[in-house]
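A short worksheet on the structure shown next.
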Amino acid sequence: MKNKGSRIFIEDTHNYFLYKKKKSNLDIKFNRVAFIFFFFSIVFLIYSIHLIHLGSRKTKIELSNQKKLFPNKLYRADIVDRNENYIGKTIDSIDIGISPSKIIDENRLLLNLKYIFPSKNFSEVKKRIEKGKFFYFKKRISQENYEKLMQLGDKSIEPRDNLIRVYPQKNLFSHIIGQIDNRNNGISGLEKTLDENLKLNLQPIKLTVDKDIQFLIRDELIKFNKIFRTKGSAAILMNVNDGEILSLVSLPDFDPNQRKKISNVNYINRATKGIYEFGSVFKTFTLAAAFDEEIMEPNTEFTNLPKFLTCAGFPIREYDNQIPSNLTAEQILIRSGNIGSVRIGQKIGEKKFKSFLNKLGILEKIEFDIEEVGKPIKFNWGKCPLATASFGHGITTTLLQIVKGYSIIVNGGYDIHPILIKSNNKIKKKKILNDEVSKKIIPILRKIVSNKDGTANLADVKGYEVGGKTGTANKSYDGIYSKQKVNTFVSIFPTTKPKYILAVMLDEPQINKDYIYEYRDGSNFKLKGSPRNTAGWNTVEVTGQILEKIGPILATKYLEVN
């Protein structure tokens, strides 16, 4: 409205409202543009976050790969048994150190530490403090004591993260697992053999052994070491068809957690490293060689066998004067005749017998998953050495190689290699003996246990069809035989279809006059005291007791499903 003189004019306000309307349209358009801009900003933000996330994932993968390529210098892969039970394990640990330069009140610090660690030698701690250099006060501290120390709030107490190697089973697998040194390097056993692999591999390494079976066998050996007052003992349980070792025990053993240097030779691995004459255990090889060469049958007769022979001026006698002079080849092995075994060996001949033992891997050093293996003493062949080797004297090898040889004889004649490390690779079997060897030798090994004339009746555990051969040998020192013995029993079961071999060896056992023998023939007959210090009266008894303990586990866990 405008005032021109006395007149009053009312202007047309249409344009004004039109302007207002246009302004409103502009607002709407502006809001739409803002909304679109906001929408695309949100989308851009989402994609940016996603890209950042992908980038971080890539970084994590790269870091993981770097960890694989450059692991912690103290890291070693875990080792587990065939059922995933830990044998060797790397775990996080906290070590407590003291930095003397940060100590404010030494007396108060020592008083607090004495309260938490009353058995600690604090005179030594004070000397370390006086030197003024950082030192470790306590390694592998418990969670409870760690919390107590942290509550003190003393800056001179410095916790440091660490990785340590522990062996949860302690002594149980000591001769298999071996040890590491303070620099985290393997120095024996699988820790040494697999050293580089353990340092680089993040996945656990699985073994063929079974913790429960190992425990039971070791427990029986410990018990009978006391009963027969042995110097030591050893046992190997193996699958005859694939060479997988379910148990390998050697006593005495040690706790690898303690990392002590072992210099006492009595701690030798008797299962793999010890070199022995095994005596009559070798007679099985002699007869098997005759079957492989097809020069005799189980019922081949030997007549007028003498009670003793002489070779290079040395006598060879029967261990038992009750052994008849007329025996078949089968009866010679069942009754463990020395003279009969010599006659079988002579029919085979030096060259063929040597070749047979070489096929079984008896005479040379065996390749194995641990380095602690013995090298058989070189055997100089000749007429007299052939005679003594035929019944297991003068010729040496390891218990591991005895197990390998027997497995080949009873598994159909297929070569096998004993192993401790589980493998998923199927190895094509190589046949090295003819089919008749196993068919003829297995029933004889069964009779050694089941027949009254056999030398291993005490191992005739009902239901397991045990077969095997005993061996009693005097130990030789510098070529002179002593009264100390190595008594061995090699058993196979079940004889209808052999799957397992269990070899038990006692080093220098003694007669026990108070031990009660309980016969397994259903007669409930008991005998007090050992009549003789032979494998038939100690090692066979140990084997029978072991089979009663492990048999149910083997039948439950490893029953073959046809």
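A short reminder: the numbers here are calculations on the coordinates, not readings from a lab. Quantities reported herein were computed from a predicted structural model and do not represent experimental measurements. With ideal geometry, Cβ positions are generated from the backbone for all residues, glycine too; neighbour counts draw on all protein chains shown.
In nm, give the distance between the simple-model label positions of Lys426 and Asp453, each being 7 Å from the Cα along the Cα-to-Cβ direction.
Distance between label points: 4.4 nm.
How do the peptides 437-447, 99-109 rank, highest first, by the average count of neighbouring beta carbon atoms within 10 Å per residue?
Values: 437-447: 20.9, 99-109: 13.0.
The packing order, highest mean first, is 437-447, 99-109.
Pull out the extension gain between Asn358 and Lys102, defined as 0.36 nm times the separation in residues minus the alpha carbon to alpha carbon distance; nm, one decimal.
Details: separation 256, 0.36 × 256 = 92.16 nm, distance 6.93 nm.
Length gained between Asn358 and Lys102: 85.2 nm.
Relative contact order (percent) for the stretch 79-206, with alpha-carbon contacts under 8 angstrom and 6 or more residues of separation? Mind dumping the intermediate values first?
Values: 161 pairs, mean separation 46.2, N = 128.
So the answer I get is 36 percent.
Greater than 22 Å separation of Cα atoms is the criterion. Which listed pairs, Lys404/Lys497; Lys462/Lys497; Lys114/Lys148; Lys469/Lys528; Lys231/Lys365, meet it?
Numbers: Lys404/Lys497 17 Å; Lys462/Lys497 16 Å; Lys114/Lys148 12 Å; Lys469/Lys528 24 Å; Lys231/Lys365 25 Å.
From Lys404/Lys497; Lys462/Lys497; Lys114/Lys148; Lys469/Lys528; Lys231/Lys365, over 22 Å: Lys469/Lys528; Lys231/Lys365.
Can you tally the net charge around Lys131? Count Lys and Arg as +1, Asp and Glu as -1, for every other residue whose Cβ sits under 14 Å from the Cβ of Lys131. If you can, show how the numbers build up before the last one.
On the way: positive: Lys126, Lys127, Arg128, Lys133; negative: Glu106, Glu124, Glu130.
Around Lys131, the charge tally is +1.
Given the convex hull over the Cα atoms of the stretch 79-206, what projected area results after averaging over all orientations, in nm²?
Details: hull surface 38.7 nm².
The number I arrive at for the stretch 79-206 is 9.7 nm².
Could you line up Asp210, Asp453 from fewest to most neighbouring Cβ atoms inside 10 Å?
Values: Asp210 24, Asp453 14.
So the ranking, lowest neighbour count to highest, is Asp453, Asp210.
Kindly give the semi-axes, whole Å and largest first, of the ellipsoid equivalent to the chain, taking each as the square root of 5 times a Cα gyration tensor eigenvalue.
On the way: eigenvalues 1163, 233, 85 Å².
That gives 76, 34, 21 Å for the three semi-axes.
Take each of the peptides 280-289, 498-507, 79-88, 186-195, average the number of other beta-carbon atoms within 10 Å over its residues, and list them starting from the highest. Walk me through the intermediate numbers first.
Details: 280-289: 26.8, 498-507: 25.3, 79-88: 18.7, 186-195: 20.5.
In decreasing order of mean packing, 280-289, 498-507, 79-88, 186-195 become 280-289, 498-507, 186-195, 79-88.
Which pairs break 24 Å Cα to Cα here: Lys273/Lys378; Lys485/Lys549; Lys447/Lys499; Lys378/Lys440? Provide the component values of the computation, followed by the final result.
Details: Lys273/Lys378 16 Å; Lys485/Lys549 27 Å; Lys447/Lys499 18 Å; Lys378/Lys440 30 Å.
Table pairs above 24 Å Cα-Cα are Lys485/Lys549; Lys378/Lys440.
At 7 Å along the Cα-to-beta-carbon direction for both Ser482 and Phe215, put a label point, then send me their distance in nm to one decimal.
Distance between label points: 3.6 nm.
Over the alpha-carbon set of the stretch 435-487, divide Rg by the Kirkwood Rh and report the Rg/Rh ratio to two decimals. Walk me through the numbers on the way to the answer.
Working: Rg = 15.0 Å, Rh = 12.9 Å.
Dividing the radius of gyration by the Kirkwood radius yields 1.16.
Once every DSSP H run of n ≥ 4 in the chain is given -39500 (n - 2.57) and the sum is divided by its residues, what mean residue ellipticity at 222 nm do you get, rounded to the nearest 500 deg cm²/dmol?
On the way: 16 runs with 211 residues, N = 562.
About -12000 deg cm²/dmol.
Between Asn201 and Lys462, what is the label-to-label distance in nm when each label sits 7 Å out along the Cα-to-Cβ direction?
4.5
Working out 0.36 nm times the residue gap between Asn321 and Glu84, then minus their Cα-Cα distance, what length gain in nm do you get to one decimal?
Difference between extended and current length: 80.0 nm.
Using DSSP to call loops (not H, G, I, E or B), can you name the trypsin sites (Lys or Arg not before Pro) in the stretch 354-398 whose Cβ has at most 14 other Cβ atoms within 10 angstrom? Could the numbers behind the result be given before it?
Values: sites: Lys354, Lys359, Lys365, Lys378, Lys383; in loops: Lys365, Lys378.
Qualifying residues, ordered by number: Lys365, Lys378.
To make sure I understand, if each residue's beta carbon is the centre and we count other beta carbons within 10 Å, what order do Thr398, Thr496 fall in, fewest to most?
Ranking Thr398, Thr496 by Cβ neighbours within 10 Å, fewest first, gives Thr496, Thr398.
May I ask you to derive the relative contact order of the chain, considering only C-alpha pairs under 8 Å and at least 6 residues apart, and to give it as an integer percent?
Numbers: 1009 pairs, mean separation 74.6, N = 562.
Relative contact order here is 13 percent.
Taking the Cβ of Ala387 as the center, what net charge do the other residues with Cβ under 13 Å away carry, scoring Lys and Arg +1 and Asp and Glu -1? Show your work: numbers first, answer last.
Working: positive: Lys283, Arg317, Arg343, Lys347, Lys383; negative: Glu350.
Net charge around Ala387: +4.
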